[in-house]
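Student: Supplied in structure tokens, the structure appears directly below.
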Ligand SMILES: Nc1ncnc2c1ncn2[C@@H]1O[C@H](COP(=O)(O)OP(=O)(O)OP(=O)(O)O)[C@@H](O)[C@H]1O
Ligand SMILES: Nc1ncnc2c1ncn2[C@@H]1O[C@H](COP(=O)(O)OP(=O)(O)OP(=O)(O)O)[C@@H](O)[C@H]1O
Ligand SMILES: [Mg+2]
Ligand SMILES: [Mg+2]
């Protein structure tokens, strides 16, 4: 769970860095709807907007591997109508590479054969793994999208600090639109990719909370027995420092072991078990966008962060009461 | 958290009872899109389908109370174009009743004045609270929806057991469609209402897990001191039953207190604090569909269920090791 | 009344640190009178008393109480016997920390469901008798060694047991208090109760109240003299 | 060497259950020799020994060690003094459960960082001396009363302290073992170490090795005789 979330969070932050200042979606009955090209002109005419560009992106469900691809039109790559660039994980799972053809089923049921002209860097991040870049023509062909609509529009704003004013003007000019500011993008997970992270985040939060409660409980409940032991140790000449050192070792050993076991389990679970444990829960949106098999990505920094949030508090939690007990009079501790 | 989820879960179950056997949505680029009326004919022609009906429903964001209404067309109520029926909570918060007018802003920006001809039963459930029923004409006017599209289609199937076969046929006949079986509806939270519950469910699961870990830890870690005490009690003539009775009282008192405190906190939190604690997390989709203030609904059954899932395991968790310790030889326990 | 037939107790049987604490001890203890078990440290006095008091089961041999075989009675009945027949004073006292002296003394009587006031008065009377009246509401971890020992004695007597088993009941008491305790035990014995004590205190096994002295050595009975 | 000046100890001061365990005790203890504290149960022997051993601080009065005032030294220095000057045998032994006899004996020496092998050999030698060689690897909760007491003695001696403080070190020992322990203590005293013991055992304070007997009663010093 932690692993999963950790990866996705990093993605989101990266994503945000080069996110556009304002994204405009069209809503119909509260739902995201293709945005007519005419809107782009309306948007460009709004004072403060320096440019407006329509974007095309969506999801394609591949029954062969029971997974969803994220499709994006990448005009800057200058792809021909039947050319595509695929993510590393996608290439690996479908066992295809540059030069091969990938056959997708268009929205009218006809097969569409696409020529792979590139594979995205394998070091590219989790979310890039299931990416499929294609040309605008290809996208419209695949999804039978009329030429005058876009998925959404991205605006650049002359003065970034006026973005929210601009958003207000847009909402006024186009009542059916929903302008999303860059700051809101991270919170609207639906905006560019899955909103999966939100869920993971809550779960992560609960787990962390639970973990803290556990550590606190362990710590606060320094039993009478332990207190007595500390008193005895002090009485036979141990220093507060010696006792703390012992507790530290104890705590470190215990939590490191627990951490390693947990990490390995999680790793196995997420990457090899395909998150089978959480499957029933994930099913909810798996029907919409079936989950992708995540690529194993063990990186040192992530481990360090995980260590910091799990092992450290535990150690501190064991130390504090030990210290509290160690500084009291040996006599009091022994009798208490 | 528990409270929130508990309410929503019940809703979902109720909802499922009279859910249609198959719901068909149109997907475009992996996203829900209005469904053309022509599809209904196609659907009706599929063997095994006994009827197909287009549904219209969606969300309306009311800036006045910063909340989302769920709008549904209810043909069976025979409402006129400017007549609506509203949920109890909605009526209370907007301080309107039968005979009043509710003014909504249509998708083209013009205000639309609607006459309230009914208020849904206040005893109706959480999800009904933000409901707004209206006529088809009203709906199309409000959202500027062309007359030949629907939100989705509901089918009745001649033989419910063949629903999945029918779904297969639909996918074949309409490649851009997504048929959803009744069994899948609970899992696709997005289908009829919010998918919020999924999230809550995961969080609830984590919390429950954490709670179990805690209880288990408390239980397994029956300290040496406690074991010794039980041994002494046995040695001075207490029966296993006496010891268990004492432990039971102890456990019951402890967990009941914890439960009451927790419940009151949760109640206050969800209903009066407007779930402020979870606000940052909920924000994610609050931008899409801002959260509705939940109506305080303290019902006995819910409390009992909550009691069962929290207090009972705790008590059992304290009893088992106590029992294990109580049945061993007093001598062994006293020395160990 | 209590009879031991070739009773042995082996700890950690089969392991390298196996310890034969008792070796084929046979013994008949009559109703009434004070019997003292003496012997060097580690000779098995405590072990023998725990076996008699139904706190542990022998590895081999039979123990009968009034003709009833105890050694293979189910745990439920043993509790029954412990509660109604025996009062036990442990060598390390085994008071329950965190409770007051009074609560500790009343503890064995709680499951019997006597009226609380009556119980408390009984306990206070016992404590007064041992000179602990002033300490009744202190927590037991604050007691001095001798005070704890007397508290343990009072606890063993609260249920008015037919057999009092006291493991070195005077180890932490000064001579004056030891004599007082012995006098009290003698009184109990004359009331028909059976008193079994272990001791290495000459003051105890030279006391006039003592009826019988059994000597243990290395788990074996090596002496049995009546005074 | 150790001097007490009008030392008092009051427990639970100001509360209804206030207990004056020591009242203005003044005392000079010279280096070397065996000093026995005697007195009835609850007279304050243990309290006095804990104060001398720096395990607790007096409520009033001053305690000096070799002229250095101990009573208001910060905790850090007290630990230092405890470690290097005193060896303590507790009335209730205070062994650490779950560890073996050997580990318990070696415990006070761990923070000194001596080589482990040397330490273990020293501990084994001490245990052998007390007749506990066979029990070295048993867990302490399995020990008989006398065995535990001897283990506590061995633990107090492992760091070869200048002052040995033993609270009723023979309470759970039979006469033969008591005499042995006394002989050992006498040996230590002749080596120039100071031995302070509390006892109510006539065998102890009538022993030839004892140099001085101090009598306590109700927290007051009531007698001080040199033999
Ligand atoms: N649970 C146990 N596991 C292993 N050995 C044990 C256990 N209990 C007692 N022993 C051993 O059995 C022997 C007899 O113990 P016991 O306590 O009966 O001696 P004792 O006669 O009471 O001695 P003391 O006078 O020192 O109290 C001792 O050597 C002790 O170490
Ligand atoms: N922490 C404490 N809180 C309250 N009272 C205490 C505390 N410690 C000791 N006392 C009391 O102080 C008095 C003296 O206790 P101390 O242990 O010094 O007696 P002692 O002379 O060692 O007696 P004994 O021979 O029975 O061991 C006792 O009445 C005891 O109850
Ligand atoms: Mg014994
Ligand atoms: Mg004492």
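Student: Restricting the calculation to Cα positions, tell me the Rg (one decimal) and the Dmax (whole number) of chain C in Å.
Tutor: Taking only Cα atoms of chain C, I get Rg and Dmax of 17.3, 53 Å.
Student: While we're on this one: Which value results when the Cα radius of gyration for region A:21-180 is divided by 2.2 N^0.38 Å?
Tutor: Details: Rg = 17.4 Å, N = 160, 2.2 N^0.38 = 15.1 Å.
So the Cα radius of gyration is 1.15 times the expected 2.2 N^0.38 Å.
Student: Show that you can apply the helix-only estimate: for chain D, add -39,500 (n - 2.57) for every DSSP H stretch of four or more residues, divide by all residues, and state [θ] at 222 nm to the nearest 500. Mind dumping the intermediate values first?
Tutor: On the way: 7 runs with 72 residues, N = 227.
It lands at -9500 deg cm²/dmol.
Student: Moving on to the next point. Any idea what angle helix C:175-190 forms with the longest principal axis of chain C, computed on alpha-carbon atoms, 0 to 90 degrees, nearest 10?
Tutor: 70
Student: Place the label 7 angstrom along Cα→C-beta at residue D:66 and in each other copy, then list the distances from the first to the rest in nm, shortest first.
Tutor: Copy-to-copy label distances for residue D:66: 6.7 nm.
Student: Any idea what the residue B:41 label distances to the other copies are, label 7 Å down the Cα→Cβ vector, nm, shortest first?
Tutor: Between copies, matching label points for residue B:41 lie 3.4 nm apart.
Student: Turning to a different aspect of this structure: If the viscosity is 0.692 mPa s and the temperature 37 °C, what Stokes-Einstein diffusion coefficient in µm²/s follows for region C:20-111 when Rh is the Kirkwood radius over Cα pairs? Spell out each step's value before the answer.
Tutor: Details: Rh = 15.2 Å.
Answer, rounded: 216 µm²/s.
Student: Kindly provide the Kirkwood hydrodynamic radius of region D:10-56 in Å, to one decimal, from all pairs of distinct alpha carbon atoms.
Tutor: Details: mean 1/r = 0.0809 Å⁻¹.
That comes to 12.4 Å for region D:10-56.
Student: Provide the FRET efficiency to the nearest 0.05 for the residue B:171-residue B:320 pair, computing r from the beta carbons and using R0 = 41 Å. Walk me through the intermediate numbers first.
Tutor: Working: r = 51 Å, r/R0 = 1.24.
That pair, residue B:171 with residue B:320, gives E of 0.20.
Student: At what distance in nm do the modelled label points of residue C:117 and residue A:164 sit from each other, each positioned 7 Å from its Cα along Cα→Cβ?
Tutor: My value for the distance between the label points is 7.2 nm.
Student: Expressed as an acute angle from 0 to 90° and rounded to the nearest 10, what is the orientation of the C-alpha long axis of helix C:75-85 relative to the principal long axis of chain C?
Tutor: 60
Student: How long are the three semi-axes of the equivalent ellipsoid of region C:59-108, in whole Å, if each is the root of 5 times an eigenvalue of the C-alpha gyration tensor, listed from largest down?
Tutor: On the way: eigenvalues 157, 30, 18 Å².
Rounded to whole Å, the semi-axes are 28, 12, 10.
Student: Given label points at 7 Å from Cα along Cα→Cβ, what nm distances, shortest first, separate residue B:111 from the same residue in every other copy?
Tutor: Nearest first, the other copies' label points are 5.9 nm away.
Student: Between residue C:80 and residue D:13, with labels modelled 7 Å along Cα→Cβ, what's the label distance in nm to one decimal, could you check?
Tutor: So the two model labels end up 5.7 nm from each other.
Student: Let me ask something additional. If R₀ is 22 angstrom, what is the calculated FRET efficiency for the pair residue D:128 and residue A:249, using the beta carbon separation as r and rounding to 0.05? Before the final figure, lay out each step's value.
Tutor: Values: r = 31 Å, r/R0 = 1.42.
FRET efficiency, residue D:128 to residue A:249: 0.10.
Student: Can you sort A:50, B:135 by how many other beta carbons sit within 10 Å, fewest first? Present the calculation step by step, with values, prior to reporting the outcome.
Tutor: Values: A:50 11, B:135 21.
Ordered from fewest to most neighbouring Cβ atoms within 10 Å, A:50, B:135 come out as A:50, B:135.
Student: What fraction of the DSSP beta bridges in region A:21-180 is antiparallel, stated in percent and rounded to the nearest 5? Display every interim value, and only then the final one.
Tutor: Working: 32 of 40 bridges.
For region A:21-180, the DSSP antiparallel bridge percentage is about 80.
Student: Something else now. After finding the eigenvalues of the alpha carbon gyration tensor for region B:29-68, what semi-axes result from the square roots of 5 times each, listed largest first in whole Å?
Tutor: Numbers: eigenvalues 208, 29, 12 Å².
Those come to 32, 12, 8 Å.
Student: Now for a separate question. Quick check on region C:43-157: what does the Kirkwood estimate of hydrodynamic radius come out to from the alpha carbon pairs, in Å?
Tutor: Its Kirkwood hydrodynamic radius stands at 15.4 Å.
Student: Using only the alpha-carbon atoms, how far is helix D:145-157 inclined from the longest principal axis of chain D? Give it as 0 to 90 degrees, nearest 10.
Tutor: For D:145-157 against chain D, the angle is about 80 degrees.
We did not get these values from a lab; they are worked out from the coordinates using the rules stated. What you see is a predicted model; the values in this text were computed from it and never measured. Positions of Cβ are backbone-derived with ideal geometry, glycine not excepted, and every protein chain shown enters the neighbour counts.
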